[in-house]
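The next block holds one structure in the form of structure tokens; read it before the comments.
The values are calculated or read from the model by the stated rules, or taken from the named source; none is laboratory data. No experiment lies behind these values; they were computed from the predicted model shown. So basically every Cβ, Gly included, is an ideal-geometry build from the backbone, and we count neighbours across all protein chains shown. We work out accessible area using only protein heavy atoms, side chains counted, and drop any ligands, DNA or RNA first. Shrake-Rupley method; radii C 1.70, N 1.55, O 1.52, S 1.80 Å.
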Amino acid sequence: MEHTLALRQRMNHVAAGLLDSFYSRCNDLEGFWALGMLYEEVQTAPYCVELDLLKQTARPGGQNAVLIAVRYADFLRRALLKKNLHVEDLTEASVTVQCKANVPLMHFQPHWIGDAFTCTVRLRRLDDQVT
């Protein structure tokens, strides 16, 4: 039981680190905020992009989305190794960005509001552990 819990904690740590780095203002692509570059590429419904970090691909496959998928595939590999985990043990590693998301904005100041987005990281191990 402890082994499974410890493994899940390490996976959660990797997923949280990836998410934190991904939506950070410091995540830039050629001097521009990477999420803004993704947003620019998904200006038609459903306003969503999914990055497959195992295949290093994006759907839809815009140029910026693919570059970011490749970058974060490398980030994932390094983060897993720091936690004594391996990318080969994963069956899924994805980041999904939903632009124009329907989320409550009551906690934001009016001058902060732009188009809301959600960002979801999914990591799944061969033993079907989902984070």
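Give all pairs with beta carbons closer than 6 Å in which a residue from segment 105-126 that is under 27 Å from residue 79 (Cβ atoms) meets a residue that is modelled with pLDDT under 65; count only pairs at least 6 apart in sequence or on separate chains.
123/131; 124/130
Go through segment 72-85 residue by residue and tally those that are without any contact (Cβ under 8 Å) to a residue 24 or more places away in the chain and either buried (at least 16 other Cβ atoms within 10 Å of the Cβ) or touching a helix residue (DSSP H, G or I) at 6+ places or on another chain (Cβ under 6 Å) (or both).
2
So, residue 23, is that one open to solvent by less than 40 Å² (accessible area, probe 1.4 Å), among the aromatic types (Phe, Trp, Tyr) and either at pLDDT 90 or above or at negative phi (or both) or not?
Values: open to solvent by less than 40 Å² (accessible area, probe 1.4 Å): no; among the aromatic types (Phe, Trp, Tyr): yes; either at pLDDT 90 or above or at negative phi (or both): yes.
It is false that residue 23 is open to solvent by less than 40 Å² (accessible area, probe 1.4 Å), among the aromatic types (Phe, Trp, Tyr) and either at pLDDT 90 or above or at negative phi (or both).
State whether one or more residues within segment 1-20 are open to solvent by 60 Å² or more (accessible area, probe 1.4 Å), touching a Leu at 6+ places or on another chain (Cβ under 7 Å), within 21 Å of residue 87 (Cα to Cα) and of a type outside the set (A, V, I, L, M).
Yes.
Which pairs turn up if I take residues in segment 40-68 that are within 17 Å of residue 18 (Cβ to Cβ) and in contact (Cβ under 8 Å) with a residue 24 or more places away in the chain and look for partners that are part of a helix (DSSP H, G or I) and among the basic types (Lys, Arg) with beta carbon separation below 9 Å, at least 6 apart in sequence or on another chain?
Short answer, once both residue conditions are applied: 53/77.
Among the residues that make up segment 93-116, is at least one of them at pLDDT 85 or above and among the charged types (D, E, K, R)?
The first filter runs over segment 93-116 and keeps only residues at pLDDT 85 or above, leaving 93-99.
When the remaining residues are screened for being among the charged types (D, E, K, R), the result is none.
Among the residues of segment 93-116, not one is at pLDDT 85 or above and among the charged types (D, E, K, R), which makes the answer no.
Among the residues of segment 40-71, which ones are surrounded by 15 or more Cβ atoms within 10 Å (Cβ to Cβ) and polar (S, T, N, Q)?
The answer is 56, 57, 64.
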